[in-house]
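The block underneath contains the structure these notes are about, expressed in structure tokens.
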Amino acid sequence: MSKIACLFGAALVTVSLGTGCSTSKDGLTGNQSKPQEVVALITKVNDHWQAEHRPQERAFWDVAAYHTGNMAAYTVTKNEKYRQYSEDWAVHNEWKGAKSDDKANWKYKYGEKDDYVLFGDWQICFQTYIDLYKLKPEPQRIARAREVMEYEMSTAQNDYWWWADGLYMVMPVMTKLYGVTKNPQYLTKLHEYFSYANSIMYDAETGLYYRDAKYVYPQHKSVNGKKDFWARGDGWVLAGLAKVLQDLPADDAHRAEYLSKYRGLAAAIKAAQQPEGYWTRSLLDPQHAPGPETSGTAFYTYALLWGINNGVLDKKEYLPTVQKAWQYLVTTALQPDGTVGYVQPIGEKAIPGQVVDKSSTSNFGVGAFLLAASEMHRYVSKR
């Protein structure tokens, strides 16, 4: 069959003649409105990343967040190379996060060493291990995940999720492990820990989440004296809630609460979008750190599109927001070689003067992009 070149962002992709590059009724250009073209986009981005990064890396949050996107890409593409990449990573890390076996010294505040077993940044890896277990149910794949989470649930503490990122890192671990074990304690503790997180980070006036307690207004303000909500932080929360709702039993006693928080946050995010389709790093003060940012934008695109795909958000109301965000992702964030740019580096807040440009990329940013693209594939496949 004859081929033509279509533009995926700044990247030329060869597609079958007849698919075209025209605008569809949903506002997506032709090379983004058919499932096979979205697969081509996912493949270009993910192949580029994997060609430059070996899977033998640690199981900390940034790498693990990439793998949540890689597994989403595998689910859509069925490309065995992607599954093998995550499996090689899991084997390299012995199917563990932080590796200490001395429970008496396990910690859960911030730490990158092996005794911070209870810190959520070392637990997000369990999401991918569980997904791989479902593909090949060998007990050792989730043995450490169960050991860590069941020990954690046996303690009296409920303040494990004290920063917004933790809600993406660990909430889905709880629902995924419930799905495997049917142990109701996973859902009980999920709600207990989520309730604590809401008590210190949730802002009822805006429906948004502060990154953690030290950023709560008026203790902390943006450069223009406004409430300062970090885009990627709220991206972690919205995406985490989408993942929880995906796996949560329909009759869970607290489903309505998770759904309410998800919808409220979605509405607040929708209102904060910039005309160009992206979200700035400080959501309610664009001048605090102006310009596009991809990781937050990609997480929002994924989570909002998940809501549309699952009938949780009104398509007529939210699709224009997703359309603009998707166009930003494929025409500005995506670079000619498959790099995903404009990703704010590792941090915890919007930083005035920090340079974020087309060369700014990261593992977690690519993961977020793959999540968004995989959800877009589901959307265009249903039309």
* Asked: Has region 264-273 got at least one residue that is at pLDDT 95 or above and in a loop (DSSP other than H, G, I, E, B)?
  -> yes
Residue count, region 360-383, condition more than 17 Å from Glu293 (Cα to Cα) and not in a helix (DSSP H, G or I), comes to 1
Checked region 207-219 for anything surrounded by 15 or more Cβ atoms within 10 Å (Cβ to Cβ), of a type outside the set (Gly, Ala, Ser) and more than 15 Å from Trp163 (Cα to Cα); matches are Tyr217
Picked from region 83-107 (must be out of contact with any Asp or Glu (no Cβ under 9 Å at 6 or more places or on another chain) and among the aromatic types (Phe, Trp, Tyr)), the residue nearest to Val173 (Cα to Cα) is Trp95
- Query: Within region 318-335, is even one residue surrounded by fewer than 24 Cβ atoms within 10 Å (Cβ to Cβ) and under 18 Å from Lys261 (Cβ atoms)?
  - Reply: yes
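Counting just the residues of region 25-38 that are surrounded by fewer than 19 Cβ atoms within 10 Å (Cβ to Cβ) and either in contact with a helix residue (DSSP H, G or I) (Cβ under 6 Å, 6 or more places away or on another chain) or of a type in the set (A, V, I, L, M) (or both), which one comes out modelled with the highest pLDDT? Can you show your working first?
Residues of region 25-38 surrounded by fewer than 19 Cβ atoms within 10 Å (Cβ to Cβ): 25-27, 30, 35-36.
When the remaining residues are screened for being either in contact with a helix residue (DSSP H, G or I) (Cβ under 6 Å, 6 or more places away or on another chain) or of a type in the set (A, V, I, L, M) (or both), the result is 27, 35.
Numbers: Gly27: 48, Pro35: 95.
In this case the residue turns out to be Pro35.
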- Meets criteria (over 20 Å from the mean Cα position of the chain (by Cα) and part of a loop (DSSP other than H, G, I, E, B)) for Val148: no
Going through region 116-136 in order, the residues found to be under 20 Å from the mean Cα position of the chain (by Cα) and among the aliphatic types (A, V, I, L, M) are Ile124, Ile130, Leu132
Note on region 345-355: residues out of contact with any helix residue (DSSP H, G or I) (no Cβ under 9 Å at 6 or more places or on another chain), touching a residue at least 24 places away in the same chain (Cβ under 8 Å) and either of a type in the set (A, V, I, L, M, F, W, C) or not in a loop (DSSP other than H, G, I, E, B) (or both) are Ile351
Consider Ala204 carefully, then state whether it is at pLDDT 95 or above and either touching a Lys or Arg at 6+ places or on another chain (Cβ under 6 Å) or exposed (fewer than 15 other Cβ atoms within 10 Å of the Cβ) (or both).
yes
Being part of a helix (DSSP H, G or I) and crowded, with 23+ Cβ neighbours inside 10 Å narrows Trp279, Trp236 down to just Trp236
When restricted to Pro184, Pro139, the only residue over 24 Å from the mean Cα position of the chain (by Cα) and closer than 24 Å to Leu259 by Cα is Pro184
Check: Got at least one residue in region 91-108 being within 30 Å of Val45 (Cα to Cα) and in contact with a Ser or Thr (Cβ under 7 Å, 6 or more places away or on another chain)?
Finding: no
Those residues of region 289-344 which are in contact (Cβ under 8 Å) with a residue 60 or more places away in the chain, β-branched (Val, Ile, Thr) and part of a helix (DSSP H, G or I) amount to Thr294, Thr297, Thr301, Ile308, Val330, Thr331, Thr332
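The values are calculated or read from the model by the stated rules, or taken from the named source; none is laboratory data. Keep in mind it's a predicted model, so treat the numbers as computed, not measured. For neighbour counting, all protein chains shown are included, and Cβ atoms are generated from backbone atoms with ideal geometry for every residue, glycine included.
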